[in-house]
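Enquirer: Mind having a look at this structure? Questions to follow.
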Amino acid sequence: MCQETYSKTGKGLSRGYIQGLLPGLKKEYPWLTDAYSQCLQVVALNLSTAYKNFFDKRTKLPRFKSKHGRQSISYPANVKFKDDYLKLPKIGLVYCRRHRDFEGTIKTVTVSLNPDGKYFASVLVDDGKETLEPSTEGKAIGIDLGLTHFCITSMGSKYDNPRHISKHSKNLKKKQQSLSRKKKGSNRRNKAKKLVAKVHSKIARCREDFLHKLSRKIVNENQVIAVENLKVKGMVRNHNLAKAISDVGWGMFCTILKYKAHREGKTYIEIDRFFPSSKTCNVCLNQVGSLPLDIRNWTCEHCQTNHDRDINAAINIKNEALRILSLGTRGSAVLGSPQVERLPCDTANGGDVRRLGGRIPCLLDQSPMKLEAPTNLRYSWGSSHL
């Protein structure tokens, strides 16, 4: 009905209109009464939100939900936890394993079935705590993301890329070859498909574990976190690096850093992707004409300082973030802040800002430090398991 309405009028159906159709649909299709009524209301909400995002040009035209892959259902009310059991409407008590206790009012519980056959419950809780205002008082760090090293900090630390897919490639290849030999539609193929999904699930969990531990370490040790705004969607169009870029998880890492910093009242800044962080000397601000990717160390012609390409880029990212903060830009760079206010001098590539000769006073004196091995990451993260 939504698709027919859009094709005829160019508009979608409102949430209230869709929800008003549910009583009649229950009479026409009695099996709809098997589901909890509030779950059907959530479906109407999701459909109206999907069309709203489409009209705002944030997503593509909504499609029918596939019966293959990940499945989910949301319970917006009457869900309770009793010891080691989750009580769901019309289902009853379901045994679950919780990785932490929930403090606050439970708003929504979304139960999902992953392709590997495991059930998860994602719990949305209102803890009643006020959001902390972002502060810039404290230690600042710049982060440069890469493939050989996952990230390089302005303090000189380099964290290796775990390369999760490469570690599990042999097992994944074996399972995929076994799947390709199975007849389509057979039970053996369904079992083989689940085995492949389990390997992909293992890879995803390893990646999330690494990203959460590293992001937690960075957020705990720093007050201002500056990263480069990368367009990952455009970078994966390079067929030579698409697999490696997709495996490393830059976008997920930045998202995790952002919400963790915002939750703890710390400042998260994204520097413009066209800012020449690698080609600019962090000592004298001299910029070289070209710097191919195969050159990992270079010497500044002006001050004769030898630079590690990645560490120099991380220092420049941090200095650019401090420059933006010193100019009074609050909302444009500090992502997640409640009030957005953009000044005409957000980056060195726009506005009225020009880099003249010499050093800008607001930049901190920093030079590449001796590489240090990353400390042990002892933080844990998990999900609710049914």
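Every read-out reported here was derived from the displayed coordinates using simple, explicitly stated rules and does not represent laboratory data. Just so we're clear, the structure is a prediction, and the values are computed from it rather than from any experiment. Positions of Cβ are generated from backbone atoms using ideal geometry, with glycine treated the same way; all protein chains shown enter the neighbour counts.
Enquirer: Which residue, chosen from C96, S112, S66, occupies the Cα position most advanced towards the positive end of the dipole of the range 66-129, where the dipole is computed from +1 (Lys, Arg) and -1 (Asp, Glu) charges on Cβ about the Cα centre?
Expert: Going by the Cα projections, it comes out as S66.
Enquirer: Under 8 Å for C-alpha pairs, at least 6 residues apart: give me the relative contact order for the range 66-129, rounded to a whole percent.
Expert: 33
Enquirer: Now for a different question. Using the Karplus equation 6.51 cos²θ - 1.76 cosθ + 1.60 (θ = phi - 60°), what ³J(HN,Hα) coupling, rounded to whole Hz, does each residue of the range 71-81 give in order, writing x for Gly and Pro?
Expert: Going residue by residue, I get 10, 8, 8, 10, 10, x, 7, 6, 10, 9, 10 Hz, with x marking Gly and Pro.
Enquirer: Residue farthest toward the positive end of the dipole of the range 176-312, with Cβ of Lys/Arg at +1 and Asp/Glu at -1: which of I311, S215, A244?
Expert: A244
Enquirer: Same structure, new question: Please report how far the C-alpha centroid of the range 122-184 lies from that of the range 272-301, rounded to the nearest whole angstrom.
Expert: Using only Cα atoms, the two centres lie 27 Å from each other.
Enquirer: Determine, from the Cβ-Cβ distance of K183 and A50 and an R0 of 30 Å, the FRET efficiency 1/(1 + (r/R0)^6), rounded to the nearest 0.05.
Expert: Between K183 and A50 the formula returns 0.25.
Enquirer: Another question about this same structure. Cα-Cα over 23 Å: which of K202/K243; K8/K52; K173/K194; K90/K193; K87/K191?
Expert: K90/K193; K87/K191
Enquirer: Now for a separate question. In nm, to one decimal, how far is the modelled label at K87 from the one at A244, with both set 7 Å along Cα→Cβ?
Expert: Taking the simple label geometry, K87 and A244 are separated by 5.5 nm.
Enquirer: Take the alpha-carbon centre of the range 53-117, take the same for the range 1-50, and report the distance between them in whole Å.
Expert: Centre-to-centre (Cα) distance: 19 Å.
Enquirer: Further question: Using the Karplus curve 6.51 cos²θ - 1.76 cosθ + 1.60 with θ = phi - 60°, work out ³J(HN,Hα) for each residue of the range 274-287 in order, rounded to whole Hz, and write x for Gly and Pro.
Expert: 8, 5, x, 6, 7, 8, 9, 6, 6, 8, 10, 6, 6, 10
Enquirer: Looking only at Cα atoms, what is the convex hull volume of the range 126-183 per residue, in Å³?
Expert: 187
Enquirer: Straight-line reach only, C-alpha to C-alpha below 16 angstrom: list the aspartates and glutamates that K167 could link to, leaving out same-chain residues fewer than 8 apart.
Expert: By straight Cα distance, K167 reaches E208, D209, D247.
Enquirer: Only Cα pairs under 8 Å and at least 6 apart count here; give the relative contact order of the range 1-64 as a rounded whole percent.
Expert: 26
Enquirer: Can you compute the charge dipole magnitude of the range 1-64 about its Cα centre, using +1 on each Lys and Arg Cβ and -1 on each Asp and Glu Cβ, nothing else charged? Give it in debye, rounded to the nearest 20.
Expert: 320
Enquirer: Taking amide H positions as placed in the peptide plane 1.01 Å from N, state which residues far from K182 in sequence (5 or more) or on other chains have amide H under 5 Å from it.
Expert: Hits under the 5 Å cutoff: none.
Enquirer: Now, a different point. Just to be sure I understand: if I project the alpha-carbon convex hull of the range 66-129 onto a plane and average over all orientations, what area do I get in nm²?
Expert: 5.1
Enquirer: HN-Hα J couplings of the range 84-98 from phi, Karplus 6.51/-1.76/1.60, θ = phi - 60°, integer Hz, Gly and Pro as x?
Expert: 9, 10, 10, 9, 10, x, 6, 10, x, 7, 10, 5, 9, 10, 9
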